[in-house]
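Each reported figure results from applying straightforward, stated rules to the coordinates on display, with no laboratory input. On a predicted model such as this, the values are computed, not experimentally measured, just so you know. Neighbour counts run over all protein chains shown; Cβ positions are idealised from the backbone, glycine included.
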Amino acid sequence: MAHPASLTTPAAGASESDTQVGWRVFVLLAVLLALAPIVAYPIFILKVLCFALFASSVNLLLGFGGLLSFGQAAYFGIAAYATAYFAKTFELTPEIAILVGVAGSAALAAVFGLVAIRRQGVFFAMITLALAQMLYFVFLQSPFTGGEDGIQAVPRGHLFGLIDLRDTAALYVFVATTFLLAILFLHRIVHSPFGQVIKAIRDNEPRAISMGYDAQRFKYLLFILSGALAGLAGSMKTVVFQLATLSDVHWATSGTVVLMVLIGGMGTILGPILGAVVVVAIENYLAHLGAWVTFVQGWIFIAAVLLFRRGAIGELASRLKVRL
């Protein structure tokens, strides 16, 4: 985890003004999270935070690495199931169960990455989708996952053996704090020398290779980081909702978070967060429409593509000439 003070010193390619904007945005996020329970149901906000973190993992791979994955739900799902299984079966404390989930998703990403990272474009997308669907089948057939019922009634437990996460206020503070720390980590990664090389590879891979960078190794490391971040989101979702289900590893979940990134804006820190707010709000507040919710989502996606080619936050950042 990057120390917050590291954000005060611009990395290669980041100006002092960009760093100041980043700090202001972070403070604004913290204030909004502190005030949000006043106007919205806390569990709804926690769902938004989990999916915003999940969408950020997709954005790390797509927006900054130029790699479109339709299998991101595999890492989200395996972490959700691992956290649920170990918390319920072995009665691990939530922080240990979450670490197990994140480690599992990172390990899975390391294995899948060996296969997927060798391809680009649509071939990369299809391979990630195929690998994720293989995992979906495994979870469907395995007895320890509960099949179509999933793993339910997962105990939230006591954080560090002291803080009872059954209390909604304590749970909210824990998830919101974890989310903010993850965003700080993501900001640091993107604006680090590693992040600059990743963006250089995205923009012109042959040129980056000619400069001496091992493009495959950098993309492989990015793939694992993205998987671990998706795993953190999946583990947090399990703690919040106390269950892990097949929908967590379904391809449609991967498609939903890609939609979040496109609506909010690829290659921005705030884009996936805004996209998660929009999509989760539609699913919750328009649930009475039933299957027509997907129809509404489709029109929103079309409008976003036609009106905001860079996404809502991307267009705003372009007009303000800042990095958001």
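For the range 250-324, the spread of Cα positions along the three principal axes, ordered from largest to smallest, is 40, 23, 19 Å. Building the convex hull from the alpha-carbon atoms of the chain and averaging its projection over directions returns 16.5 nm².
Straight-line cross-link reach from Lys199 at under 16 Å between alpha-carbon atoms covers these aspartates and glutamates, not counting any fewer than eight positions away in the same chain: Asp214.
Just flag the GluC sites (Glu not before Pro) in the range 81-185 sitting in loop per DSSP whose Cβ has no more than 12 other Cβ atoms within 10 Å. Working shown, then result.
Details: sites: Glu91, Glu95, Glu148; in loops: Glu91.
In loop regions of the range 81-185 (DSSP not H, G, I, E or B), the sparsely surrounded GluC sites (Glu not before Pro) are Glu91.
Placing +1 on each Lys and Arg Cβ and -1 on each Asp and Glu Cβ, with no other charges, gives the chain a dipole about its Cα centre of roughly 780 debye. The mean of 1/r over all pairs of different alpha-carbon atoms in the range 130-255, once inverted, gives a Kirkwood hydrodynamic radius of 17.4 Å. Straight-line cross-link partners of Lys47 among the aspartates and glutamates, defined as a Cα under 14 Å from its Cα and at least 8 positions apart when in the same chain: Asp248, Glu283. If R0 is 45 Å, the Cβ-Cβ spacing of Tyr41 and Val122 corresponds to a FRET efficiency of close to 0.65.
Taking the helices alone, the chain has a mean residue ellipticity at 222 nm of -23500 deg cm²/dmol, built from -39,500 (n - 2.57) per DSSP H run of at least 4 residues and averaged over all its residues. Relative to its residue count, the range 199-324 spans a Cα convex hull of 142 Å³ per residue.
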